[in-house]
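In what follows, a single structure is set out as structure tokens and then discussed.
The values are calculated or read from the model by the stated rules, or taken from the named source; none is laboratory data. No experiment lies behind these values; they were computed from the predicted model shown. Cβ placement follows ideal geometry from the backbone for every residue including glycine, while neighbour counts extend to all protein chains displayed. Just the protein is used for accessible areas: all its heavy atoms, side chains included, with ligands, DNA and RNA removed. Shrake-Rupley method; radii C 1.70, N 1.55, O 1.52, S 1.80 Å.
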Amino acid sequence: MNAPPASARTRARPPGRPNPRPAMAPGEPGVGLGHASQQGPRPRNEDFVGAATPAGEELAAKGVLLAVADGVGGHAHGREAAEQTVRSLLADYYATPQTWGVEKSVDTVLGAVNRWLLGQSAKSRDYAGMATTLTAVVLRGRRYHVAHVGDSRAYRWRDGQLLRLTEDHTWEHPEFDNVLRRAIGLEARLLVDHDDGELAAGDRFVLLTDGVWNTLGDAAIAAVLEAHADPQAAADALTLEALRRGATDNATALVADVAGLPPDSLRDRLADGRRLPLPPRLKPGRTIDGLRVDALLNESRVTLLYRVTRLADMQALVMKTLRADADAEAGSALVREEWLARRVPGKGFPRVFDHPQRDHLYYLMSWHEGETLKAGLARGHRHAPHELVVIGAALLRRVGMLHRLGIVHRDLKPDNVHIDRSGELRLLDLGVAASDAEDLAEINNPGTPSYMAPELFAGGAANESSDLYACGVTLYELLTRKYPYGEVEPFQHPRFGTPVPPTRYRPDTPAWLEALLLKACAREAKDRFETAEEFLLALERGASRPLATRRQPPLVERNPRLALKLVAAASLLLNLVLLFVLSRH
């Protein structure tokens, strides 16, 4: 496991030593910190406390992280488990993609820590039972997020009222105060409690190990917080008061005061973009913000794409902006799109460029000579099966990159897949993409109907499975110039039966490729590929290791109404035959 970097953003307090450090966290004037840990009557301090306070964009993307851990009491390596867990969380949480939400980032890091602790326990009898509790709070933007395992606690103090934010994971026991039923390192399946809420200026967050809260109780904790306005003084007072009242365990407290909140925006830097005016409609030859307009590339109901030349270095770029009649929601969506586009890898996606002279609402991307797959279809190009393998493999690698970043594209189609003159494939248009990190508003219903998975028409949310369905339809269209269920018009509520086999339109389609496309475009999500990697593997193996062809579903599954009619007709015919036979006797 990694230890946190030696930087001003991270402060982890080793157990057993008092720490009267300044209350204000470096890099964030809106959050004041105080922390203290006392060994008490125990032979060693098995608690560990730490905080990470980054600055700039990292602060906006990931927030301030607070954590306390209490190693399983009496175990020789309880302190090591607590320290390793806190240090790993402080370091690795900030290494997760900015497009991930807090819950996914924390769960990923803690899952790795849990596996490491279990691995240590399996190595030697001396390490058996190496485990720890953990309570962490992330203060990001105008919200807080709590992650919790075990019996440490998090509280919020607001307007003189103390609110407990966590539940203890303990069993009642006649001989012990409590027995942990959940801890990091205790079992292979780690369950972490998550909660979140709105921040308010003046909020105080208090993280305590059981040596403090179990001795003081909520009323005494509230009294200490009421009496000490300084967070460091409050942390010291909580631990010392617990010892004075006879605490039999280590006593650790971390206090964080929220002095002010950032603007209510996606990101401070991009929030400025929302206030920028839209550029007027631009004609070729027009110059704006040091950019010369060369051509209008595309116009949709909401957006405009121009090819421009940056006069400072004569570099060709693409400008994406909005029509003059676009509303504020469309402007916010464009800002979100730029934010996401900056966070995807450069290979396989257009690169986003900074432009200090920008005085209007748009963003700039790299320009690449070539055409979209849709343009190739429009000029009559007929894709051979071997071409489909090359295009499909590149497409699925790009989609897999997005999914690993927690991004769902939601509008995959030939129009949004570009191949340049060197053969490099790029995914375009994150305009309606969604990520774990943000609740992205939509300009309109996401996706294009003919490429939307059946469950989306029933109100289901777009996810990785619906993206892979769209990939399947895209490859099907490249091969056949048709759609597996026919074309779906906007506002239509289609009925999905059985996809048409590609061999109906392309008799030269190999059997393995037909089986693959039918699986990718299956009506039920459970019958499709689960991940982009699984889809890619099946495509690359091709004829050498083909998929097992799924049997034709029975008529009652494909068309229940027709099946009932046939049963009724057969029954009627049988009754007529019986009547005829009986009438002859």
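Which entries of 62/413; 347/413; 374/526; 62/320 have Cα-Cα distances beyond 22 Å here?
Too far apart for the 22 Å limit: 62/413; 374/526; 62/320.
Just subtract the alpha-carbon distance of residue 482 and residue 533 from 0.36 nm times their residue separation and send over the number in nm, one decimal.
15.8 nm
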For the stretch 144-161, Karplus-derived ³J(HN,Hα) couplings (6.51, -1.76, 1.60; θ = phi - 60°; whole Hz; x for glycine and proline) come out as 10, 9, 10, 10, 8, 9, x, 10, 6, 9, 10, 10, 10, 10, 9, 6, x, 10
Normalise the Cα radius of gyration of the stretch 165-238 by 2.2 N^0.38 Å (N = residues in it) and let me know the number.
1.37
How much length is gained on full extension from residue 579 to residue 375, taking 0.36 nm per residue of separation minus their Cα-Cα distance?
66.9 nm
Tell me the trypsin sites (Lys or Arg not before Pro) within the stretch 87-193 that lie in a loop according to DSSP and have at most 11 other beta-carbon atoms within 10 Å.
189
Run the helix sum for the chain: -39,500 (n - 2.57) per DSSP H stretch of 4+ residues, divided by residue count, reported at 222 nm to the nearest 500 deg cm²/dmol.
-10500 deg cm²/dmol
For the stretch 45-112, just say rounded, prolate or oblate: build the C-alpha gyration tensor, square-root its eigenvalues into a ≥ b ≥ c, call rounded for a/c under 1.5, and beyond that prolate if a/b exceeds b/c, oblate if not.
prolate
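So for the stretch 72-190, Kirkwood radius off the Cα pairs, Stokes-Einstein at 37 °C and 0.692 mPa s: how many µm² s⁻¹?
Diffusion coefficient, whole number: 212 µm²/s.
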As an exercise, identify the GluC sites (Glu not before Pro) in the stretch 468-542 lying in DSSP coil whose Cβ has no more than 15 other Cβ atoms within 10 Å.
487, 524, 530
Nearest 10, in degrees from 0 to 90: the angle of helix 464-480 to the longest Cα principal axis of the chain is 20 degrees
What do you reckon, how do 583, 466 stack up by accessible area (1.4 Å probe), largest on top?
583, 466
Cα gyration tensor shape of the stretch 457-548, rounded if a/c is under 1.5, else prolate or oblate by comparing a/b with b/c:
oblate
Heavy-atom accessible area ranking, 1.4 Å probe, most first, across 320, 413, 283, 347
283, 347, 413, 320
In the stretch 495-526, trypsin sites (Lys or Arg not before Pro) in a DSSP loop with at most 16 other beta-carbon atoms within 10 Å
495
